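K.L.:
Take this structure, written in structure tokens, and hold onto it; I'll ask about it next.
The values are calculated or read from the model by the stated rules, or taken from the named source; none is laboratory data. This structure is a prediction, so every number in the text was calculated from the model and none was measured. Positions of Cβ are generated from backbone atoms using ideal geometry, with glycine treated the same way; all protein chains shown enter the neighbour counts. Areas reflect the complete protein model, heavy atoms only, side chains present, ligands, DNA and RNA absent. Shrake-Rupley method; radii C 1.70, N 1.55, O 1.52, S 1.80 Å.
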Amino acid sequence: MSTHLRLLYVFCAVAASVILAISCYEVAKGRRLTNEERLAALQERAIEQRRQNLLVEFPANPTEHDLSFLAQAYRQPAENFPPLSLFSGIKAEELAPLPIPPRPQGQQLAKAQLGFKLFRDPQLSRSGQISCQNCHNRELGWGDGLQSSFGHDRAKGKRNAPPLFNVGLRSPLFWDGRAETLEEQALMPMTDQREMANHDIASAVQRIAARPDYQEAFQAVYNVSTPTAAELTDAIATFQRTLEEPTRLDRFLSGQYRAFNNEQIWGMHLFRTKGGCANCHNGPLLTDNKFHNLGLSLLGRPREDVGRYAITNQLLDVGRFRTPSIRHVSQTAPYMHNGIIRDLRRVVRFYEVGGGRTRPRNEQERANPFMPYAGMTSPFLKPFSLTVREREALIAFLEAI
């Protein structure tokens, strides 16, 4: 065999060896990549499982890493939030930003301005000393900051003045739900003998109608120089429908995720899960608009209040009161229908122990036919326990809504 032919064989053999070596290397490399990818996938699944476990049972003493993960789970549209923890049979709306009506313009603005003037005018009361603003002051969260309000001749009422935030978006009204509309609601304090104490609506309307400034205003807005109760209450109600403003919660739920820090997001998670708050306080208005017995009727005591029963005469309504909206709740202390709880920390503790208790203290109270019904507190009042850090987080959330 010639030298050239032998060299060609050698060259081919070497080339084949190189190709084989390269092929083997690529196969080995591919196996390594496959193993690395498989390991990465396993690690990702492990991380995702930990995340799911965290959401199911978030630690009571979380690390910063835990809080950051939880924040990521909430910094997204509400439909992707971790699921709500609800009692059986409850159908709750998810948290959502409140669509606030636009500010009135033109004639509606003039009507609201007239309503604001009437709202502040003590001439609506028999004594000429009590106005709507006495019990619903803007600087006090549209309440009055008292357990229960003072009215005519310093008479003290039984109930806490409900804050008027978003009152135009809710129905029924009052703690016992006795008014369906704002116009109907506006009439009731005027003839309540503990409040404005007019003997009838006509006398209040006559005092207003006798003033030239009001004659001119009602002529401009309603084309009548002598108003009736209908125009008067319509103006006040138009003003009250403007009493809402955006909150930090609205901004967060609208995608401005910097509105809440990690602690407030943790508080929101507790509100929606362990605390059970969302069973009654849900949706854009943070209320279910229903009536519940929290064990605070104080039956048989000086501040006894049978609540919704006084309107319906249904025994199951003894001690039931309307769930308030808790938007702006940090501005509206004290709390509950009788103002008996003075701050948010005590509100949280009240629910932690499962609410109030109504029990007979003696034979006379045991014989009260209302007592068994007053003692039937809401089935949603179940005791739970928060750590100090959890309680602080929940309060931080409440202060931001």
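K.L.:
Looking only at helices (runs of 4 or more DSSP H) that fall completely inside the stretch 59-160, which ones have 2 or more residues that are more than 21 Å from HIS281 (Cα to Cα) and in contact with an Asp or Glu (Cβ under 9 Å, 6 or more places away or on another chain)?
P.N.:
Values: elements: 64-74, 106-119, 132-135.
The helices (runs of 4 or more DSSP H) meeting that bar are 106-119, 132-135.
K.L.:
Which of (1) surrounded by fewer than 15 Cβ atoms within 10 Å (Cβ to Cβ); (2) in contact with a Ser or Thr (Cβ under 8 Å, 6 or more places away or on another chain) does GLU64 not meet, given it meets every other one?
P.N.:
(2)
K.L.:
For the condition of a type in the set (A, V, I, L, M, F, W, C), crowded, with 16+ Cβ neighbours inside 10 Å and at pLDDT 95 or above, what is the one hit in ALA202, ALA161? Step through it out loud before you land on a result.
P.N.:
Values: ALA202 fails: crowded, with 16+ Cβ neighbours inside 10 Å.
Exactly one residue qualifies, and that residue is ALA161.
K.L.:
All but one of (1) open to solvent by 30 Å² or more (accessible area, probe 1.4 Å); (2) within 18 Å of ASP234 (Cα to Cα); (3) free of Cβ contacts under 8 Å to residues at least 60 places away in the same chain hold for LEU182, so report the exception by its number.
P.N.:
Answer for LEU182: the failing condition is (1).
K.L.:
Does THR228 satisfy being β-branched (Val, Ile, Thr) and either surrounded by 16 or more Cβ atoms within 10 Å (Cβ to Cβ) or within 17 Å of the chain's Cα centre (by Cα) (or both)? Lay out the reasoning, then the answer.
P.N.:
On the way: β-branched (Val, Ile, Thr): yes; either surrounded by 16 or more Cβ atoms within 10 Å (Cβ to Cβ) or within 17 Å of the chain's Cα centre (by Cα) (or both): no.
Answer is no for this residue.
K.L.:
Report the residue count in the stretch 226-268 for those that are farther than 24 Å from PRO83 by Cβ and polar (S, T, N, Q). Outline the logic, then answer.
P.N.:
Step one: of the stretch 226-268, the residues farther than 24 Å from PRO83 by Cβ are 226-246, 258.
Cutting the leftovers down to polar (S, T, N, Q) gives us 226, 228, 233, 238, 240, 242.
Of the residues in that region, 6 qualify.
K.L.:
Condition (residue is surrounded by 15 or more Cβ atoms within 10 Å (Cβ to Cβ), over 29 Å from ILE341 (Cα atoms) and in contact with a helix residue (DSSP H, G or I) (Cβ under 7 Å, 6 or more places away or on another chain)) applied to the stretch 132-140: is it met by at least one residue? Spell out the reasoning first.
P.N.:
So the first thing to find is which residues in the stretch 132-140 are surrounded by 15 or more Cβ atoms within 10 Å (Cβ to Cβ), and the list is 132-137, 140.
Subsequent filtering for residues that are over 29 Å from ILE341 (Cα atoms) retains none.
Checking the stretch 132-140: not a single residue is surrounded by 15 or more Cβ atoms within 10 Å (Cβ to Cβ), over 29 Å from ILE341 (Cα atoms) and in contact with a helix residue (DSSP H, G or I) (Cβ under 7 Å, 6 or more places away or on another chain).
K.L.:
Additional query: So which residues in the stretch 205-225 are closer than 23 Å to SER125 by Cα, surrounded by fewer than 20 Cβ atoms within 10 Å (Cβ to Cβ) and among the hydrophobic types (A, V, I, L, M, F, W, C), if there are any at all?
P.N.:
Once the filter is applied, which keeps residues that are closer than 23 Å to SER125 by Cα, surrounded by fewer than 20 Cβ atoms within 10 Å (Cβ to Cβ) and among the hydrophobic types (A, V, I, L, M, F, W, C), the stretch 205-225 yields ALA209, ALA210, VAL224.
K.L.:
State yes or no: is ALA333 within 30 Å of ALA71 (Cβ to Cβ), at pLDDT 95 or above and small (Gly, Ala, Ser)?
P.N.:
Working: within 30 Å of ALA71 (Cβ to Cβ): yes; at pLDDT 95 or above: yes; small (Gly, Ala, Ser): yes.
Yes, satisfied.
K.L.:
Same structure again: I'd like to check something: does the stretch 293-309 contain any residue that is closer than 30 Å to ASN80 by Cβ and under 18 Å from the mean Cα position of the chain (by Cα)? Before you say what the answer is, go through the steps one by one.
P.N.:
Going residue by residue through the stretch 293-309, those that are closer than 30 Å to ASN80 by Cβ are none.
No, there is no match, as no residue in the stretch 293-309 is closer than 30 Å to ASN80 by Cβ and under 18 Å from the mean Cα position of the chain (by Cα).
K.L.:
Follow-up. Just one of (1) open to solvent by 60 Å² or more (accessible area, probe 1.4 Å); (2) closer than 21 Å to ALA204 by Cα; (3) more than 28 Å from the chain's Cα centre (by Cα) trips up PHE116, so point out which.
P.N.:
In the conditions (1) open to solvent by 60 Å² or more (accessible area, probe 1.4 Å); (2) closer than 21 Å to ALA204 by Cα; (3) more than 28 Å from the chain's Cα centre (by Cα), PHE116 misses (3) alone.
K.L.:
So if I check each of ASN166, ASN223, which one is without any contact (Cβ under 8 Å) to a residue 24 or more places away in the chain and on the phi > 0 side of the Ramachandran plot?
P.N.:
Details: ASN166 fails: without any contact (Cβ under 8 Å) to a residue 24 or more places away in the chain.
Of the residues listed, the single one that is without any contact (Cβ under 8 Å) to a residue 24 or more places away in the chain and on the phi > 0 side of the Ramachandran plot is ASN223.
K.L.:
Same structure, new question: Of all the residues that make up the stretch 190-249, how many are outside any helix (DSSP H, G or I) and of a type in the set (Gly, Ala, Ser)?
P.N.:
3
K.L.:
If you check GLY168 against the conditions, is it touching a Pro at 6+ places or on another chain (Cβ under 9 Å), of a type outside the set (Asp, Glu), open to solvent by 20 Å² or more (accessible area, probe 1.4 Å) and in a helix (DSSP H, G or I)?
P.N.:
In short, yes.
K.L.:
So, PHE119, is that one out of contact with any Pro (no Cβ under 8 Å at 6 or more places or on another chain) and either more than 22 Å from PHE321 (Cβ to Cβ) or among the aromatic types (Phe, Trp, Tyr) (or both) or not? Break it down into steps so the answer makes sense when it comes.
P.N.:
Values: out of contact with any Pro (no Cβ under 8 Å at 6 or more places or on another chain): yes; either more than 22 Å from PHE321 (Cβ to Cβ) or among the aromatic types (Phe, Trp, Tyr) (or both): yes.
In short, yes.
K.L.:
How many residues are within 17 Å of ALA393 (Cβ to Cβ) and open to solvent by 40 Å² or more (accessible area, probe 1.4 Å) when one looks only at the stretch 67-95? If you could, list the steps in order and put the result at the bottom.
P.N.:
Start the filter on the stretch 67-95 by keeping residues that are within 17 Å of ALA393 (Cβ to Cβ), which leaves 67-75, 81-82, 85, 95.
Restricting the remaining residues to those that are open to solvent by 40 Å² or more (accessible area, probe 1.4 Å) gives 68, 72, 75, 85.
Going through the stretch 67-95 one residue at a time, the tally reaches 4.
K.L.:
Surrounded by fewer than 20 Cβ atoms within 10 Å (Cβ to Cβ), under 28 Å from the mean Cα position of the chain (by Cα), at pLDDT 95 or above and closer than 17 Å to ALA197 by Cα: does that describe GLN123?
P.N.:
Working: surrounded by fewer than 20 Cβ atoms within 10 Å (Cβ to Cβ): yes; under 28 Å from the mean Cα position of the chain (by Cα): no; at pLDDT 95 or above: yes; closer than 17 Å to ALA197 by Cα: yes.
Considered against the rule, which asks whether it is surrounded by fewer than 20 Cβ atoms within 10 Å (Cβ to Cβ), under 28 Å from the mean Cα position of the chain (by Cα), at pLDDT 95 or above and closer than 17 Å to ALA197 by Cα, GLN123 comes out as no.
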